[in-house]
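Below is one structure; the comments refer to it alone.
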Amino acid sequence: MIYIYRGKSGRLFSDLTYADVLKAHKRISSYIEQSPLKYSHSLSAANDCELFLKEEHTSRTGSYKERGALNKLLTLSESERGQGVVCSSAGNHAQAVSFHSTRLNINAVIVMPSTTPFVKVKATESFGAKVVLHGSGFAEAYQKAVDIAEAENRVFVHAFNDRDVVAGQGTVALELLKQNAYLDSVVVPVGGGGLIAGMALVLKHVNPRIKLYGVESKEMSGMRASVDAGKVTKVGRQQTICDGIAIETVGEIPFKIINELIDDIVVVNEDEVAASVLTLLEKEKTVVEGSGATPLAAIIYGHLKVKGQQVAAICTGSNIDMSVLSRIIERGLVRSGRIARLAVTIKDSPGELAKVLSLISQTRANVRDVEHERAFLLASVQQTQPILTIETRGYDHIEEIMALLRASGYEDVKLSTPRS
C-alpha cells in the first residue's frame, strides 16, 4: 500500500511519499558519501542549545544538489540518457548535473546567466558539461534551457520542481535521523523548496514531533510570500549574498508539501547572514556560502525559539566566489563590532589628530583608515571631523574607546556604523 500524506488541512496534497525518498536513497547511496553531522561546542554554548551542523557543503561538488540531480539522472531510461540532458543554474545545480552526467556518460548542456562569476562557470565546465551563457538572470537562462530541450529533444533537469529531484534531496533527512534520532528541530535554507520538501516527507513521517523550519533571505522570500498567499507567488529579483536561494518563483511540487508540513518559515537579513558566514569561518573553520549560513543566522539572531533543544542546521553549500567572500567577511566584521567607524569633532590645528590617534592606541585598537570632513561639517570653521575606521574586539571595546575620547575632551564622538 502506498502511503499518501495528509497534512495540516487533512487533505491529500502530494503523491510524493517517504517511500519515494527511500527508493532515491537506494539509487544514489553507492555514488554519494554520507555527509558529516558535526556537534558544535562553541555554537551550542553561545546559543543555549545543542547545535549540530549537517555539512552538505563537503560533497564533491560543494552542495547537497548532487542528491536530487543524481537521482533524476538515474531514473532516466536508456533512450532518455541517449538524448542528453539540459538544465539552467547559476551555481550548485549546474555543477551537480555536470559532474554526475559525466560519471554516467550522459551528454549535458548547462545554461548559466551571463553574469555568473567566472570561477563558477569554469568549475561547471571542469566537470565535463557544455556551458552556454545566456541572459542577465535566472529567468532568461531558464527559458533558454527550455528552448534547447525542445529543439534538441533533451531531458530537462529542473533544480527543484521535479519529483525525482525532491525525492533525492530528501535523502539528507534519512542520513540526519540515522546520525541523531533525538533531534527536536531541523533548520533548512529555502530557495525553490526542493530540499525542505523532500526532508519534510521523511521527518514528518518518521517523527512528526520534530519541528521543521525554513529560512529565506529577506531580499527574496518567495516561499514565505507563497505560504502567506496560499499559492505560488512570484517575488521581484533583488541582489543578495544568498544567491543560492534567490528564486523568484518557487516550485509547485515542493510548495504543496511545504504548505502542509513545514512548521514555519522565517526570514533573515543580509547583515545577519554575513555575520553567520564569518562565525562559521572563525568558530568552525569552515567556509559556507551565504545561503548555507541562513539557518545559523536564524538561530543566532533569535528568529527561532530553540533554547534547550537539540537542533540541526543544514549547511547546504560552499560554492562562493572569493571576492564575494571577502565582502561578506568585511560585513560580518562590521556586524559583530570588530570594524567600526567613529566620527570625532576636533580643533583644526596641528597635532590634534595625533592626540586622538594616541588615545585610541592606548586601548589597543588599530586605526585602518582616516578621512577628513571639513566642507560639509555643521560646526565651526575652526573645527574638522576625522572619520576613523578602526579594528576592535567588539562593541564593549568600541564603548571603551568612545568613553576615553569623551573623557579627554572630545565630546562630539559618534559611531557611524550600525550596531548589531
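Of note:
- For the peptides 318-325, 158-165, 367-374, the ranking by mean Cβ contacts within 10 Å, running from highest to lowest, is 158-165, 318-325, 367-374.
- Counting Cα-Cα pairs of segment 175-276 in 5 Å increments starting at 0 gives whole-percent bin shares of 2, 14, 25, 22, 17, 12, 6, 1.
- DSSP-defined beta bridges in the chain - what % are antiparallel, rounded to 5: 45
- Listed residue (Val131, Ser358, His41) projecting farthest to the positive dipole end of the chain, Cβ model: His41
- Given R0 = 56 Å, the distance between the Cβ atoms of Asn366 and Glu152 translates into a calculated FRET efficiency of 0.45.
- Peptide ranges 404-414, 25-35 listed from the most packed, as the mean C-beta count within 10 angstrom indicates: 25-35, 404-414
- In sequence order, calculated HN-Hα J values of segment 30-36 (Karplus, 6.51, -1.76, 1.60; Hz; x Gly/Pro): 7, 9, 10, 7, 5, 7, x
- Note on segment 66-159: Cα-only Rg and Dmax are 11.8, 35 Å.
- Listed by chain and number, the lysines whose alpha-carbon sits under 27 Å from that of Lys414, ignoring those within fewer than 8 places in the same chain, are Lys347, Lys355.
- Spatial separation of Cα centroids for segment 43-70 and segment 304-319, in angstrom: 8
- All distinct Cα pairs of the chain go into the 1/r average, and the inverse of that average, the Kirkwood radius, is 23.1 Å.
- Projected-area average for segment 276-346 over all orientations - Cα convex hull basis, square nanometres: 6.6
- Counting beta carbons within 10 Å around each of Cys49, Cys87, Cys242 and listing the fewest first gives the order Cys49, Cys242, Cys87.
- Using equal-weight Cα scatterers in the Debye expression, the normalised intensity of segment 338-415 in log10 at q = 0.11, 0.12, 0.17 Å⁻¹ is -0.24, -0.29, -0.59.
FYI, it's all coordinate maths here, none of it is from the lab. These figures come from a predicted structure and were not determined experimentally. Cβ atoms come from the backbone with ideal geometry, glycine included; neighbour counts cover every protein chain shown.
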